[in-house]
Amino acid sequence: MADDFRAMTMLTETGILIHDADTKTIRWANPAACRMFGFSLAELRPLKAHHMSAQEKQFRRELGVGWLQEAVEKGVARRAWKYRSKDGKDFLTDAVARLVQFAEGPMVMVQFRNISQEVELQQELSRTSDYLSRIMVQASAAILLLDDQQRVADASEFVSRLLDRDPDELIGKRLEDLGKVTFLNPDRAALPTDAAVSDEPEEPIEMILEVQRSDRSRMWLSAMHERVAHDGISSTTVILRDITTKVEMQRENELQQAHLQYLARYNAMGDMAMTLAHELGQPLAAATNFLSGLKGRLESGRLEPADIRYGLDKARHQLDRTAEIVASVRRYVQRIESTAAPEDLNAILRESLYFCELRAAEKGIEVTSDFADGPLPITGEHILIGQAIINFCFNAIDEAALECTAEKHVHVRSFADGDWVCVSVTDWGRGLARAQAGSTRGPMATTSSRMQMNAFSSKQDGAGIGLVLSQRIVERHQGEVIVEDNLFSGTIVTVRLPRFHSFDNEARAGS
């Protein structure tokens, strides 16, 4: 029988160390213990606790000796002990020390098994569990159970935290009693009641519920109303999720976009006022001169019928020109309230160039243009994009008008570039480096990347708002503004906007 027990200790995967009860020296170790330590039995026997234990303070030699002594005094002692193998690797064990009476005297038998992998797995499971718990908390939803009359029959525990109300206060309430309900499907105005029980589930109803908290602040909840029928039993649930942060961010973005459009309108109206003041003066003055001439000839008695026809035709021509200017400005201003829609960038550019050419003629600048063949489809707000183009052209015209600019010329070009449609404005002025040197607005970060518009404008009497606004308008349309030096002198500003492919398809279908 003794031989059988010895054979079992030799074959077991549990490590066994036999320590002398008095000296605590190792007297024997089974093969499993030798494999774990990487020592032979002869190498293990002279080792002390600090030679074969981890270096952390909780595994100091005196603690190991005390643990073995506890087994001597109490008969058994158990603890987690971290050993160190021959190659310096630590491994954690579940170790039990027992006092055993051998023929040659009392011994302490330590049985241990490596639990390092178990602990690592447990820690990983714990981390995963904690992570999932945090996810569940973040994604936790308040669930309401409704009866056939769409009244709250029961509520989950999370409801009280989300709605800041006791769940019992919700029983018997309708959703309309909790706050303002907005159906995301415009065809629906109310929740169904007394629906017939069916084995087929109904389509969920999506809503937004606006609720007032106890502190009178507002919160918005996404509400998913769903009726599920099975085995003749119908259950209606409403799952609520807090989307207050999302709604507030959307509202803030809408306010910013509204302010951006207001600035664009303000700039556009300023341009129109400038155009009216300058352009209407000349034809009105000319018409006045022709009529005054007719009056003078009439008073002198030298007025002939041919003179009357000539003077009236000329005056009428000037007044027609005045009406044309007013009509063009009116058409442009009427677009100020436009919303995003499919547009042709070429058409926007042609309309914008009308005002640019007026500004250029005033300063003695030649404006040439080169349009791409066919439409350049985009989707956006006509007036905003047109205002951005006008601002870039005005800046180029002002640069060309400087005394130091030899070539009084601005060239505007539209073209396609893969999935982008573009407008470039080229002048032969000072270029980026010299423009920055003469600017009081600080240097640009780079000369070929996205433009820092408030640094680019060097006009001493300008605020730079037009160019900053133009960049934001382009970015709002998912586009970009690139500014780079012209090859010889001057600057090229390129507006790039995403091509609207559906517009292409519609144009091909119409043709």
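Just so you know, all these numbers are worked out from the coordinates, no wet-lab data involved. This is a predicted model, so every value here is computed, not measured. Methodologically, a virtual Cβ is constructed for each residue, glycine included, from the backbone with ideal geometry; neighbour enumeration extends over all protein chains shown.
Peptides 214-227, 415-428 ranked from most to least packed, by the mean per-residue count of other Cβ atoms within 10 Å: 415-428, 214-227.
Taking Cα centre as origin and charging only the Cβ of basic (Lys, Arg, +1) and acidic (Asp, Glu, -1) residues, the dipole magnitude of segment 2-119 rounds to 340 debye.
Of the peptides 53-63, 298-308, the ranking by mean beta-carbon count within 10 Å, highest at the top, reads 53-63, 298-308.
What the Cβ-Cβ distance of ARG161 and GLN257 gives, at R0 = 45 Å and to the nearest 0.05, is a FRET efficiency of 0.85.
Given R0 = 60 Å, the distance between the Cβ atoms of ALA80 and ILE143 translates into a calculated FRET efficiency of 0.90.
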